[in-house]
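The values are calculated or read from the model by the stated rules, or taken from the named source; none is laboratory data. This structure is a prediction, so every number in the text was calculated from the model and none was measured. Backbone-built Cβ (ideal geometry, glycine too); neighbour counts: all protein chains shown.
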Amino acid sequence: MKEGEQQRVPLRERAEWSDVTPLPQNDGPNPVVPIQYTEDFSQVMDYFRAVYLADERSPRALALTAEAVQFNSGNYTVCQVRIKFFRLRLFLFISSLLQVWHFRRLLLESLKVDLNAELDFVERMAAGNSKNYQMWHHRRWVAEKLGPEARKNELEFTKKILSVDAKHYHAWSHRQWVLQALGGWEDELNYCTELLKEDIFNNSAWNQRYFVITRSPFLGGLKAMRESEVLYTIEAIIAYPENESSWRYLRGLYKGETTSWVNDPQVSSVCLKILRTKSNYVFALSTILDLICFGYLPNEDFRDAIDALKTADMDKQNLDDNEKGEQQNLNIAQNICSILEQVDPIRTNYWIWRKSRLPLSA
Amino acid sequence: MGELATEKHVRYILSVEKRKDNFESVVMEHLRMNGAYWGLTTLDLLGKLHSVDVDEVVSWLMSCQHESGGFGGNVGHDPHILYTLSAVQVLALFDKLNVIDVDKVTSYIVSLQNEDGSFSGDMWGEVDTRFSYIAICCLSILHCLDKINVEKAVKYIISCKNMDGGFGCTPGGESHAGQIFCCVGALAITGSLDLVDKDLLGWWLCERQVKSGGLNGRPEKLPDVCYSWWVLSSLIMIDRVHWISKEKLIKFILDCQDTENGGISDRPDDAVDVFHTFFGVAGLSLLEYPGLKPVDPAYALPVDVVNRIFFTKEGLK
C-alpha cells in the first residue's frame, strides 16, 4: 500500500454515512461462486449500492463514486498481481464499476459540478491506471460536454499519457477523437515527427501520421503530402531498414495508385540501396517482390544485388543471360522468394506460397 | 516440449470459481459473466463441461438479466453488450438458449445500433468495432441477424480498415489484433469476407509471430498467449493460417502453462489467469492439438455447439 492510505477511515466509522445501511452484493439464489471482495472495497460497494438504489443525488454520493472508482486505479494497490491483471483490459470492463461511472455522470449533471474539476479528477486517476475503458469513456463524455474549450487540455492530457507509454491504445483513440471533434490539427504532424524521433519503430505514431496526412483539413490530403512524406519515410527506412512500420507507411502513401508506386524510382532505389548493404533486407526484398508482381522490371543492378544474397545451398533459379524479359523476371522473383524462405524461416510457408502464386508475366 | 496439462487446467478453472482470498477472485467478481464464458468454454474444449452444475449456472445467469433485455456482469449490475454476448454464449454451450426471451435480448442489441451502422456498448454510447462483432455474433446465435441493418454495420466495419489491411477500433484507429478478430469475425458471420484484403492482412498477421514462436498484437510489442486466439482465428477465417509456424506457436503456448497448479499465463513464467487459460486452450484447439474439441474461429464456441445452433431442428427453430 502506498503512503497515506493507512489513514483511510472505513465508511461505517464516518459520521456522514451513519444514516445509510450498506447493501451487500446479492449473488443470486444459488451462488456458483461465493466470492469475497477485499474488505475495504466491498464496504464501499455496499454503500454505493444503497445510495444508487435510493438514487441519492448528493455531494457525498459523488465523493463515494470517486472512492469506488479509485479502487480500480493504481492509487490502491490491492496486491502485486494488479499490473498483470490490467493486461486483461482489451475486452474488459469492471461491470459494477460501470454502474459507478454511470451514476457519477448522473450526479455530475444533477449537481452541476464544474466539469474542469472532473477532468482533473480523471487525470489524477489516470496517473495510477490509465488502461481502463470506462475512465476514457468518462473523460470523453466530460470533454464533449465542455466542447472546444477542452481541446487544449485534452491534447495535453493525452500527450502526458503518451510520454509514458507512446503506444497507449486508449490515449491514441481519445486523441483522434479530440482532433476530429474539437480540432487542434495544426501541430499534429510535428507531434508525430517528435514521437518518431524518439522511437522510429513506434507503429502508433506512424498510424497517427497517416491519420493526419489523410484527414487533416489543413494539409490538402494524401496526394498533396506525398512528395514530402516519401522523402521523410525513405530517410527513416534507410536509418532502420528492419522497421515494418516505415515500409508499410511508404506503401500506404500510394494507396489506390499502384501505378505511381511501381513507377516511382524513389521506391525501387531505396530497395536497391538496402539490398546492397546485405543486412536487414527482408522488407526491401519483399517490396521488390511486390513491385515485380505489379509489373516492375528490375534492371541489371537489381539482379546483381539479389544474386549476391543467394547462399550456396539455395534452391535457386539460375539466371541465364540469354533469357530475356518475362522468363528472366519470373526467375528473379523466384530467387527472391527462395532467399526470403531462408532468411525469414518462421514465415517460410508464406514465402513458398508467394512463390507458387507468381504471375507468369513477373 | 511438454504436453497440455489437461487435468490440472480443469482443476485450476474449477478452483478459480471457489477461491475467495486473492486478487483474481476479486476481479472475477466484477467480470463474472465473462469469467463464466472463459471458464466454461475452456472446460468444454477440454471435454469436461459435465463437471459443472448446469442449473446452478443458468439460474445465476438469468438473474443477471436486466429488464432492458441486456445482461450485466453479475447480479444487479448494469447491462452491457459485452456481458450479453457472454451470457448468450454460455447458454449456447449448455444448449439452454430456450430459457431466454429472444425478442427481448434482440431488441436490446438492436437499440444499440447507431445511424452510421456502428454499435454502442451500452446506453452511454461508447462506439467501438468490438461492439459491432458482439452485436452481430450474438444476434446470429439467436437467429435474429435480420433485425439490424447488416449492410450499414458492415460498411462501418470496412470504414475502420487501414492501409496495412488491418482494422482499428474506430475509423483511423491503429490496427490491433484484437480489433482485427472482431472485424474479421463480424465480416465472416455476415458473409462479407470478400471485403477483406486477405493477402495483405494475412501477411500483417503472420508478421505478428516473433522468434519465440508467440504472437504479438501490434508491431514491436511483446508476444502474449491471448493473441494466439486473436491472430490465429483471424488467419483461419481468411484461410491463411498455414503462413505461420504452428509448431513454434504450440510450443510457446505450452511453455506458458503452470504445470504444477494448472492454468496458462500471458508469457512463460508469469502468473496464470482464467482469461489466458481460455485463449491458450482455444488457440491450441485452432492448432488442432490432440484431445481438444475443435473451436469455431468466428463464434468462439466449440464447433459442435455452433453446429447445434445452425444445423439442428431446434437450432433452426
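Scan B:151, B:174, B:115 and give me the residue that is among the acidic types (Asp, Glu), within 30 Å of residue A:252 (Cα to Cα) and in a helix (DSSP H, G or I).
Being among the acidic types (Asp, Glu), within 30 Å of residue A:252 (Cα to Cα) and in a helix (DSSP H, G or I) holds for just one of B:151, B:174, B:115, which is B:151.
Would a scan of region A:12-21 turn up a residue that is at pLDDT below 85 and not basic (Lys, Arg)?
There is no residue in region A:12-21 that is at pLDDT below 85 and not basic (Lys, Arg).
For the structure I just gave you, tell me whether residue A:275 is out of contact with any strand residue (DSSP E or B) (no Cβ under 7 Å at 6 or more places or on another chain), assigned to a helix (DSSP H, G or I) and closer than 26 Å to residue A:200 by Cβ.
Criteria met by residue A:275.
Given the options A:340, A:358, name the one that is modelled with pLDDT of 95 or more and assigned by TED's automatic domain parsing to the domain that holds residue A:293.
Going through A:340, A:358 in turn, the sole match is A:340.
Just wondering, is there one or more residues in region B:247-267 that are in contact (Cβ under 8 Å) with a residue 12 or more places away in the chain, in contact with a strand residue (DSSP E or B) (Cβ under 9 Å, 6 or more places away or on another chain), among the small types (Gly, Ala, Ser) and on the phi > 0 side of the Ramachandran plot?
Within region B:247-267, one or more residues are in contact (Cβ under 8 Å) with a residue 12 or more places away in the chain, in contact with a strand residue (DSSP E or B) (Cβ under 9 Å, 6 or more places away or on another chain), among the small types (Gly, Ala, Ser) and on the phi > 0 side of the Ramachandran plot.
Here is a list of conditions, (1) surrounded by 21 or more Cβ atoms within 10 Å (Cβ to Cβ); (2) hydrophobic (A, V, I, L, M, F, W, C); (3) modelled with pLDDT of 85 or more, and residue B:31 meets all of them except one; can you say which number that is?
With (1) surrounded by 21 or more Cβ atoms within 10 Å (Cβ to Cβ); (2) hydrophobic (A, V, I, L, M, F, W, C); (3) modelled with pLDDT of 85 or more applied to residue B:31, the lone miss is (3).
Just to be sure I understand, how many residues within region B:210-253 are within 24 Å of residue B:168 (Cα to Cα) and charged (D, E, K, R)?
Qualifying residue count, region B:210-253: 6.
With the checklist (1) in a helix (DSSP H, G or I); (2) buried (at least 18 other Cβ atoms within 10 Å of the Cβ); (3) away from chain A (no Cβ under 12 Å); (4) in contact with a strand residue (DSSP E or B) (Cβ under 9 Å, 6 or more places away or on another chain) in hand, flag the one item residue B:104 doesn't pass.
(2)
State whether one or more residues within region B:184-199 are at the interface with chain A (Cβ under 9 Å from one of its Cβ atoms), under 17 Å from the mean Cα position of the chain (by Cα) and assigned to a helix (DSSP H, G or I).
Checked region B:184-199: no residue is at the interface with chain A (Cβ under 9 Å from one of its Cβ atoms), under 17 Å from the mean Cα position of the chain (by Cα) and assigned to a helix (DSSP H, G or I).
Tell me which residues, restricted to region B:66-78, are within 19 Å of residue B:31 (Cβ to Cβ), over 20 Å from the mean Cα position of the chain (by Cα) and more than 9 Å from chain A (Cβ to nearest Cβ).
Listed by number, the list holds a single entry, B:66.
Could you count how many residues in region B:275-311 are among the β-branched types (Val, Ile, Thr) and over 14 Å from residue B:37 (Cβ atoms)?
Of the residues in that region, 3 qualify.
So, in region B:79-97, of the ones that are under 16 Å from residue B:44 (Cβ atoms) and among the polar types (S, T, N, Q), which residue ends up farthest from the other protein chains (Cβ to nearest Cβ)?
The extreme case among them is B:89.
Being closer than 15 Å to residue B:93 by Cβ, assigned to a helix (DSSP H, G or I) and aromatic (Phe, Trp, Tyr), is that true of even one residue in region B:70-83?
no
Go through region B:1-23 and count every residue that is modelled with pLDDT of 80 or more, assigned to a loop (DSSP other than H, G, I, E, B) and among the basic types (Lys, Arg).
Of the residues in region B:1-23, 0 are modelled with pLDDT of 80 or more, assigned to a loop (DSSP other than H, G, I, E, B) and among the basic types (Lys, Arg).
Looking only at region A:331-342, filter to residues that are farther than 19 Å from residue B:204 by Cβ and hydrophobic (A, V, I, L, M, F, W, C); which one of those is farthest from the other protein chains (Cβ to nearest Cβ)?
Restricting to residues being farther than 19 Å from residue B:204 by Cβ and hydrophobic (A, V, I, L, M, F, W, C), the top hit is A:332.
Any chance you could count how many residues in region B:42-78 are closer than 24 Å to residue B:135 by Cβ and of a type in the set (Lys, Arg)?
Summing the residues that are closer than 24 Å to residue B:135 by Cβ and of a type in the set (Lys, Arg) in region B:42-78 gives 0.
In this structure, does residue B:157 turn out to be buried (at least 22 other Cβ atoms within 10 Å of the Cβ), within 11 Å of another protein chain (Cβ to nearest Cβ) and either in contact with a Cys (Cβ under 6 Å, 6 or more places away or on another chain) or touching a residue at least 60 places away in the same chain (Cβ under 8 Å) (or both)?
Judged against the criteria, residue B:157 is not a match.
Tell me yes or no: at least one residue of region B:278-297 is of a type outside the set (Gly, Ala, Ser), in contact with a His (Cβ under 6 Å, 6 or more places away or on another chain), buried (at least 24 other Cβ atoms within 10 Å of the Cβ) and under 30 Å from residue B:95 (Cα atoms).
No, there is no match, as no residue in region B:278-297 is of a type outside the set (Gly, Ala, Ser), in contact with a His (Cβ under 6 Å, 6 or more places away or on another chain), buried (at least 24 other Cβ atoms within 10 Å of the Cβ) and under 30 Å from residue B:95 (Cα atoms).
If I ask for residues that are surrounded by fewer than 21 Cβ atoms within 10 Å (Cβ to Cβ) and under 16 Å from residue A:193 (Cα atoms), which ones from region A:213-226 would you list?
Once the filter is applied, which keeps residues that are surrounded by fewer than 21 Cβ atoms within 10 Å (Cβ to Cβ) and under 16 Å from residue A:193 (Cα atoms), region A:213-226 yields A:214, A:216, A:219, A:225, A:226.
Need the failing condition index for residue A:285 against (1) among the hydrophobic types (A, V, I, L, M, F, W, C); (2) in contact with a helix residue (DSSP H, G or I) (Cβ under 7 Å, 6 or more places away or on another chain); (3) modelled with pLDDT under 95, just the number.
(3)
Which residues, taken from region B:122-136, are touching a residue at least 24 places away in the same chain (Cβ under 8 Å) and either touching a strand residue (DSSP E or B) at 6+ places or on another chain (Cβ under 7 Å) or part of a strand (DSSP E or B) (or both)?
Those that are touching a residue at least 24 places away in the same chain (Cβ under 8 Å) and either touching a strand residue (DSSP E or B) at 6+ places or on another chain (Cβ under 7 Å) or part of a strand (DSSP E or B) (or both): B:122, B:127, B:129, B:131, B:132, B:135.
Hey, among the residues in region B:113-136 that are buried (at least 23 other Cβ atoms within 10 Å of the Cβ) and more than 12 Å from every other protein chain (Cβ to nearest Cβ), which one's nearest to residue B:306 (Cα to Cα)?
The extreme case among them is B:136.
Can you list residue pairs whose Cβ atoms sit under 8 Å apart, with the first residue in region A:246-264 being at pLDDT 95 or above and the second being basic (Lys, Arg) and part of a helix (DSSP H, G or I)? Count only pairs 6 or more apart in sequence or on different chains.
Taking only residues 6 or more apart or on different chains, the pairs are A:249/A:209; A:253/A:226; A:254/A:226; A:261/A:251.
Have a look at B:259, B:312 and point out the one that is among the β-branched types (Val, Ile, Thr) and either in contact with a Lys or Arg (Cβ under 6 Å, 6 or more places away or on another chain) or under 19 Å from residue B:5 (Cβ atoms) (or both).
When all the criteria are applied, what remains is B:259.
Give me a count of the residues in region B:228-273 that are away from chain A (no Cβ under 11 Å), surrounded by 22 or more Cβ atoms within 10 Å (Cβ to Cβ) and not hydrophobic (A, V, I, L, M, F, W, C).
5
Can you pull out every residue in region B:200-215 that is part of a helix (DSSP H, G or I) and either under 17 Å from residue B:232 (Cβ atoms) or modelled with pLDDT under 95 (or both)?
Once the filter is applied, which keeps residues that are part of a helix (DSSP H, G or I) and either under 17 Å from residue B:232 (Cβ atoms) or modelled with pLDDT under 95 (or both), region B:200-215 yields B:201, B:202, B:203, B:204, B:205, B:206.
Which residue, of B:174, B:207, is crowded, with 19+ Cβ neighbours inside 10 Å, over 24 Å from residue B:278 (Cα atoms) and over 18 Å from the mean Cα position of the chain (by Cα)?
B:174
Can you find, within region A:199-212, the residue that is surrounded by the most Cβ atoms within 10 Å (Cβ to Cβ) among those that are part of a helix (DSSP H, G or I) and either within 12 Å of the chain's Cα centre (by Cα) or away from chain B (no Cβ under 13 Å) (or both)?
Top of the filtered list is A:207.
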